[in-house]
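Notes follow once the structure below has been shown.
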Amino acid sequence: MRVFNFAAGPSTLPLPVLEQAQKELLDFNGTGMSITEMSHRGKPFMAVNDEANALLRELMNIPENYSVLFVQGGASQQFAAVPMNLLQKGKADYILTGNFAQKAYEEGCKYGDMAVAASSKDANYTFIPDMNQVKFRDDIDYVHFTYNNTIFGSRFTELPKTDATLVTDMSSCILSEEVDVSKFGLIYAGAQKNIAPAGVTIVIVRKDLLGKHMAITPTMLRYDIQDKNDSLYNTPPCFPIYVSMLVFRWLKAMGGVKAMQKINEEKAKMLYDFIDNSSFYTNKVAVKDRSIMNVPFVSPSEELDAKFVKESTAACLVSLKGHRVTGGMRASIYNAMPIEGVKALIEFMKKFEMENK
Ligand SMILES: Cc1ncc(COP(=O)(O)O)c(C=O)c1O
C-alpha cells in the first residue's frame, strides 16, 4: 500500500511516473534491458537525455541564450561550482534565509570576498528580508539567494533589486511556480524534491557566463565543459535523468507549470488556513513569505509533537517530523503530492487536536 509521503527530499514521485519506470525496468523501448544497463553514448539514452533537456526548456520557457545542464554532486556541489565559475572581480553578496543559504555562503567564502547583504538568522529565519531595504556592494559578480527555504518554510516573492547577476538555489521549488528565467544569470536545483531520485542536479546558466571559470576549477565542475558535452562529459546519472524526463512529461500532461502552480497554491492555502484557524497548531513564518512547498508547524508542546509524528505515521501520513534544527513537524507538499494527501493530513490534524486539546 502506498502512503502519503511528506518527506522534504528525497520525496514522493508521481504514481504514473513510478508505474511507467516499473513497466520499463526490464525492457526499455524494446532494447531488452533497462535504461540503467546501457551505454550513455548509445542512441536510446541520448534520446532520453535530449528529451529531458528539451522538456525542461519548454516547461520553464528557458530562453535560447541559456544552457541547461544535468550535473552531479547535488545542490551542495553548486555552492562551490558557482563561485568557481562566476567570480571575475572576486566579490559576491549573499542573502541568508536558512541553513542552505548559510552553507552556500560559507563555501563561497573559500573562493572570494563574500559578504552577507541581509540575514534573518536572528529571527530563526522566520522571514525573508525586505528586498526594498537590502543594499548590495558595488562591483560584485553576483547576488546569491535561496528561492525556497526547505527547512524553515519560507520563499522569496520578490527578487533582489540589483543590476548584478542573480544566482538562486531552487532545489525545493523548481517547477512549482512560474519564474522568468531571463531575470537570472544562474538557477540550480537538486532533483530529489520536485523532479527525480537524488543523483542529478539541474543548472540553468546564461551562456555569456560560460568560460569565465577560475583556472583551478575541476573539469567536472566547469559549466562550459558540461555545456559543450551536452552534460555527457563523463558517465551521467542515467536513471535520475530518465525519471526526470518522465516527470517532465507528466508535468506537461498536467498542464505545465502554470497549472501546477494553481494546484500548489490551493494545497498550501488549505493547509495554512487550517493552521491559522486553529488554536492548537502554529506556523511561525511571516505570512507574506510562506513557502507553498514546505509547511513547518508545531503543536503546543514537544511531547505532543512527538506523539503527532508517531500517530500520523501509523495513519499512513509519513515523514512529517520537522528538520532536526527546527523540531516540530513539516509537511512537504511538492508537485507530486496530490490534493487528497493534503486533505487527509488536515483531517488527521483535526482529529489529533480534538483528542489532545
Ligand atoms: C534549498 C536546498 N539547497 C540545497 C540542498 C542540498 O542539496 P543536496 O543534498 O542535493 O546537496 C537542499 C537539500 O535539501 C535544499 O533544500
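A short reminder: the numbers here are calculations on the coordinates, not readings from a lab. Since the structure is predicted, the reported quantities are computational estimates derived from the model, not experimental observations. Don't worry about glycine lacking a Cβ; one is built from the backbone with ideal geometry, like all the others, and counts go over all protein chains shown.
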Legend entry - Computed lengthening from Asp139 to Lys307, 0.36 nm per intervening residue step minus Cα-Cα distance: 55.3 nm
Inset, instruction - Could you calculate, for the chain, the ratio of the Cα radius of gyration to the Kirkwood radius, expressed as Rg to Rh? - result: 0.98
Legend entry - Taking only Cα atoms of the stretch 256-356, radius of gyration then Dmax in Å: 13.1, 42
Inset, instruction - Would you calculate the separation in nanometres between label points at Lys207 and Val287, each defined as 7 Å from the Cα along the Cα-to-beta-carbon direction? - result: 4.6
Inset, instruction - Output the antiparallel fraction of DSSP beta bridges having both residues in the chain, as a percent to the nearest 5. - result: 50
Inset, instruction - With a Förster radius of 41 Å, plug the Cβ-Cβ distance of Asn234 and Thr157 into 1/(1 + (r/R0)^6) and report the FRET value to the nearest 0.05. - result: 0.60
Legend entry - Extended-chain gain in nm, criterion 0.36 nm per residue less alpha-carbon gap, Met214 and Cys109: 36.3 nm
Inset, instruction - Rounded, prolate or oblate: pick one for the stretch 130-232, where a ≥ b ≥ c are the square roots of the eigenvalues of its C-alpha gyration tensor, a/c under 1.5 means rounded, and failing that, prolate if a/b is larger than b/c, else oblate. - result: oblate
Inset, instruction - Determine, from the Cβ-Cβ distance of Arg2 and Ser34 and an R0 of 22 Å, the FRET efficiency 1/(1 + (r/R0)^6), rounded to the nearest 0.05. - result: 0.50
Inset, instruction - Sticking with the crude label model, points 7 Å out along Cα→Cβ, report the distance from Glu178 to Lys350 in nm, one decimal please. - result: 3.4
Legend entry - Approximate spin-label separation Met270-Arg324, in nm, with each point projected 7 Å along Cα-to-Cβ: 3.3
Legend entry - Net charge over other residues, Cβ less than 9 angstrom from the Cβ of Pro83 (K, R count +1; D, E count -1): -1
Inset, instruction - Divide, for the stretch 206-280, the radius of gyration over alpha carbons by 2.2 N^0.38 Å, where N is the residue count. - result: 1.79
Legend entry - Percent RCO, i.e. relative contact order, over the chain, from Cα pairs under 8 Å lying at least 6 residues apart: 23
